[in-house]
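First up is the structure itself, then whatever we jot down about it.
The values are calculated or read from the model by the stated rules, or taken from the named source; none is laboratory data. Quantities reported herein were computed from a predicted structural model and do not represent experimental measurements. Cβ coordinates were reconstructed from backbone atoms using ideal geometry, including for glycine residues, and neighbour counts include every protein chain displayed. Heads up: the accessible areas ignore ligands, DNA and RNA and are worked out on the full protein's heavy atoms, side chains in. Shrake-Rupley method; radii C 1.70, N 1.55, O 1.52, S 1.80 Å.
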Amino acid sequence: MSVLVLAEHDGKQLKSFMAQLIGAASRWNQPIDVLVYGNQVDEMAREAASLSGVARIILASAEHLAHPLVEDVQDLVLEIAREYSVILGAHSVLGKSVLPGIAARLDIAPIMDVIDISGPATYIRPEYAGNIFSQIENLQSRQIISVRTTSFKPVHGDGHADIVTLPVPRSRAISHWISDDIHHSDRPELASARVVISGGRSLGDDFERLLAPIAGQLGAAIGATRACVDAGFAPNDLQVGQTGTVIAPDLYIAVGVSGAVQHIAGIKDSKLVVAINHDPNAPIFHYADYGLVADLFTALPELQTALKER
Ligand code: FAD
């Protein structure tokens, strides 16, 4: 028996967290197969084949997988699921949609958002917005697991896995892809960026104008609080936190962010946290390594000038 990893890509290249996902898969010390699906995804299959520790790439290519729908991906995985003792995915939007359905159809409980694997069937996962960590021993015959990729070490890119082709079942066509509304950005991907600067709702309509130049100077991704997103000042995919993206950058700069528990749940693993807030009692200062009590509308232009002069 071996581990089946569900690959993720954007149609052009693999998601950067794939190296960490394979790092997590290697904890079982079993052969690792990676399922790469889509339409014309040979390049991504080759990329996945180069990840160290991968034994085999299972390539599933079909026109209807160009914009994969949850039920089609589940049908595809179920074609081969019986060959695997572990089915593993990232705790991403896709993983969260696909894995529970596969588990339900196999009559197995999935273990989601795993941050550590301490045995072949023993996992650590956060609960109550990261306020407690539970250790779970999973005695089921098959393990269906999603992992928080930022918690695992990436593997190198020196592998040479074989690529085999999987016949793709017909689409059940119970739903149809119409369009994607994607927020395009040249900045690093939020989930894997080494530096992230986030803004709260207090930035208002100046969110992009004030944060973008500094993000550019630092090579940072931009994040936002839920209140900021809900108010329409930042797009939904920038939300950081319990119900947004969970990140673990080397440097996290929180600007006008109060520090609500749900936000902190998404930044707890950041290596260094810097907070700018005009309220010295803002909860964010309990988590910050460096804090600046200042009005953000003054502090951000000053920071931008200081970075320019470096
Ligand atoms: P506020 O709470 O309004 O705080 C604004 C901060 O800006 C304050 O600290 C204030 O002192 C400071 N400020 C104001 N003006 C200035 C200025 N001129 N200069 C400097 N500082 C200034 N939130 C998330 O972020 N992510 C999540 O994933 C998330 N999930 C949630 C899930 C649930 C089930 C629930 C109930 C809530 C969730 N929330 C989440 C919302 C969370 O509880 C907070 O409401 C939210 O994080 C607050 O956002 P904020 O800090 O931008 O706004």
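Exactly one residue among I117, I124 is farther than 22 Å from K15 by Cβ, part of a strand (DSSP E or B) and at pLDDT 95 or above, and that residue is I124. Selection over segment 284-296 of residues that are within 12 Å of the ligand (Cβ to nearest atom) and touching a Ser or Thr at 6+ places or on another chain (Cβ under 9 Å) gives a count of 2. Could you please find all residues in segment 247-262 being surrounded by 20 or more Cβ atoms within 10 Å (Cβ to Cβ) and away from the ligand (no atom under 13 Å from the Cβ)? A248, P249 - these are the residues of segment 247-262 that are surrounded by 20 or more Cβ atoms within 10 Å (Cβ to Cβ) and away from the ligand (no atom under 13 Å from the Cβ). Looking across segment 263-282 at every residue that is modelled with pLDDT of 95 or more, within 8 Å of the ligand (Cβ to nearest atom) and not β-branched (V, I, T), the one that is surrounded by the fewest Cβ atoms within 10 Å (Cβ to Cβ) is identified as D279. In segment 103-131, of all residues being within 16 Å of the ligand (Cβ to nearest atom) and without any contact (Cβ under 8 Å) to a residue 12 or more places away in the chain, the one that is nearest to R82 (Cα to Cα) corresponds to E127. Is it true that R142 is within 23 Å of P249 (Cβ to Cβ), open to solvent by less than 60 Å² (accessible area, probe 1.4 Å) and among the basic types (K, R)? No.
Can you pull out the residues in segment 183-194 that are under 20 Å from V93 (Cβ atoms), in a loop (DSSP other than H, G, I, E, B) and in contact with an Asp or Glu (Cβ under 8 Å, 6 or more places away or on another chain)?
Across segment 183-194, the qualifying residue is only H183.
I need the full set of residues from segment 165-179 which are out of contact with any Pro (no Cβ under 9 Å at 6 or more places or on another chain) and either open to solvent by 50 Å² or more (accessible area, probe 1.4 Å) or of a type in the set (D, E, K, R) (or both), in order please. Once the filter is applied, which keeps residues that are out of contact with any Pro (no Cβ under 9 Å at 6 or more places or on another chain) and either open to solvent by 50 Å² or more (accessible area, probe 1.4 Å) or of a type in the set (D, E, K, R) (or both), segment 165-179 yields T165, P167, R170, R172, A173, I174, H176, I178, S179. Residue-level check: of (1) within 16 Å of the ligand (Cβ to nearest atom); (2) open to solvent by 50 Å² or more (accessible area, probe 1.4 Å), I182 misses just (1).
Checking each residue of segment 186-209 against the condition of being more than 17 Å from the chain's Cα centre (by Cα), closer than 30 Å to F152 by Cβ and more than 16 Å from the ligand (Cβ to nearest atom) gives at least one match. Applying the condition of being at pLDDT below 95 and of a type outside the set (D, E) to segment 224-237 and asking which residue is farthest from the ligand (Cβ to nearest atom) yields P235. Within segment 195-218, the set of residues being surrounded by 22 or more Cβ atoms within 10 Å (Cβ to Cβ), in a helix (DSSP H, G or I) and touching a Phe, Trp or Tyr at 6+ places or on another chain (Cβ under 7 Å) comprises L203, F207.
Checking segment 239-246 against the condition returns a match, with at least one residue being assigned to a loop (DSSP other than H, G, I, E, B), more than 7 Å from the ligand (Cβ to nearest atom) and either in contact (Cβ under 8 Å) with a residue 12 or more places away in the chain or open to solvent by less than 50 Å² (accessible area, probe 1.4 Å) (or both). I115 - would you say it is open to solvent by less than 60 Å² (accessible area, probe 1.4 Å) and either out of contact with any helix residue (DSSP H, G or I) (no Cβ under 6 Å at 6 or more places or on another chain) or not polar (S, T, N, Q) (or both)? Yes.
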